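Laboratory data are not the source of any read-out in this text; all were calculated from the coordinates shown. Just so it is clear, the model here is predicted, and its values are computed rather than measured. Glycine also receives a Cβ, built like all others from the backbone with ideal geometry; neighbour counts cover every protein chain displayed.
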Amino acid sequence: FTREMPSVGVGTSVIIVKDTDGEIRAFYNMCRHRGNKLVWNDYPGEEVSGTCRQFTCKYHAWRYSLDGDLTFVQQEGEFFDVDKGQFGLVPVHCEVWEGFIFINLDPHKTEPLRSFLGELAHGIEGYSFQGPHQVYRFNTELQCNWKIFVDSFAESYHGPYLHASSFGALTAEDWKSMRQHPAHGAWMVDRVGGILRNAVPLILYHRERVDGGGYYDVEPGDIPLGARVIAVADAYDAMTTDRPYRRALVPEEAQANLRQAAGTQFDPVVVDEFLRTLEDPDEHLDILLDHGSDAGPALVSKSHHPDSQRLVALVGGKRVN
């Protein structure tokens, strides 16, 4: 099958093929003669899939084996002793992990896939991904903010409650595994690097409580301010949006819940600033900063909820009202 990858570069296309020995290979989808796209059907921009014994260019009929070797050149004698061994398909680094195919288009970064995946892979290795199969498909249109829909399916927080009858009672080990999602998220952002790396401690500790509880039993004084801000904003957003298991709370109920949890689950100063902002979002914009965190200028977050259209910024410097 082919994959179109315009985000990598205009016209970038890759062939993924299983050869006769069962090995998965990847090549740039381009004939080495004139650079014509090699594998396509009705329209060159569409991805295709199927079965074949060789690849044949539609332009001048150059042929390639499934392992990428150039095997046939039309009117080869007119090419003045061309060495077909020098004109095979350009390979793309390809590895398979747990049935998933990964490709790496950067020839200078050759870190093995398993090493790159690190602890994230360790947590799900051995799962029978080949077992579940899609048996039907349907499309539907939802009149909602796309983020609400995506978040509902992407988070696992609702699993033990909404799907309790499906999972059965969770063991202590199950709970421990479920609570690794901040660590997994922080790890993925850290791998991206750059300025996003400043957000790693905020992601890692946003489930910690100021009374010393939380996922990782972090001392309250070690929770970055940014993580405490995210905890409040995330909770308010969760309470004031519809979920599969309940309707959204009205803003007054959600605000009362934040006040009740201030000093135990949430930082009371952050709760106070957040609620004052909700009361007067046009006039009151506090710039919060973290003097004791390595996070620095790391986060800009805006909730999609209409009652929390509020910009919270973490910047370096002094507090400004």
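Let me make sure I get this right: for segment 30-97, a, b and c are the square roots of the gyration tensor eigenvalues over alpha carbons, sorted descending. Under 1.5 in a/c it's rounded, otherwise prolate if a/b > b/c, else oblate. Which is it?
oblate
DSSP loop (so not H, G, I, E, B), at most 15 other Cβ within 10 Å: list which GluC sites (Glu not before Pro) in segment 142-238 pass both filters.
Working: sites: Glu155, Glu173, Glu208; in loops: Glu155, Glu208.
Counting only loop positions with at most 15 other Cβ atoms within 10 Å, the GluC sites (Glu not before Pro) in segment 142-238 are Glu155.
By how many nm would the segment from Val96 to Leu113 grow when fully extended, if each residue of separation counts as 0.36 nm and the alpha-carbon distance is taken off?
Working: separation 17, 0.36 × 17 = 6.12 nm, distance 0.84 nm.
In short, 5.3 nm is gained.
At most 12 other Cβ atoms within 10 Å and a DSSP loop assignment: could you name the trypsin sites (Lys or Arg not before Pro) in segment 1-102 that fit?
Details: sites: Arg3, Lys18, Arg25, Arg32, Arg34, Lys37, Arg53, Lys58, Arg63, Lys84; in loops: Arg32, Arg34, Lys37, Arg53, Lys58.
The qualifying sites are Arg34, Arg53.
Using all C-alpha to C-alpha distances in segment 83-127, build P(r) with 5 Å bins and read off the rounded percent in each one.
Final binned percentages: 5, 17, 24, 18, 13, 9, 6, 4, 2, 1.
With the dipole of segment 1-132 worked out from charges on the C-beta (+1 for Lys and Arg, -1 for Asp and Glu) around the Cα centre, which of Gln54, Asn41, Thr110 lies farthest toward the positive end?
Projecting each Cα onto the dipole axis, the largest value belongs to Asn41.
Measuring from a point 7 Å past the Cα of Ala121 along Cα-to-C-beta, which residues in segment 1-35 have an amide N at less than 12 Å?
Counting backbone N atoms under 12 Å from the label point, the list is empty.
Going down the table (Lys58/Lys84; Lys18/Lys84; Lys84/Lys109; Lys147/Lys176), which pairs top 25 Å between alpha carbons? Each step should come with its number before you reach the end.
Numbers: Lys58/Lys84 18 Å; Lys18/Lys84 22 Å; Lys84/Lys109 28 Å; Lys147/Lys176 27 Å.
Result: Lys84/Lys109; Lys147/Lys176 exceed 25 Å.
Could you tell me the distance between the Cα centroids of segment 74-105 and segment 1-61, to the nearest Å?
Each part reduced to its Cα centre gives a spacing of 10 Å.
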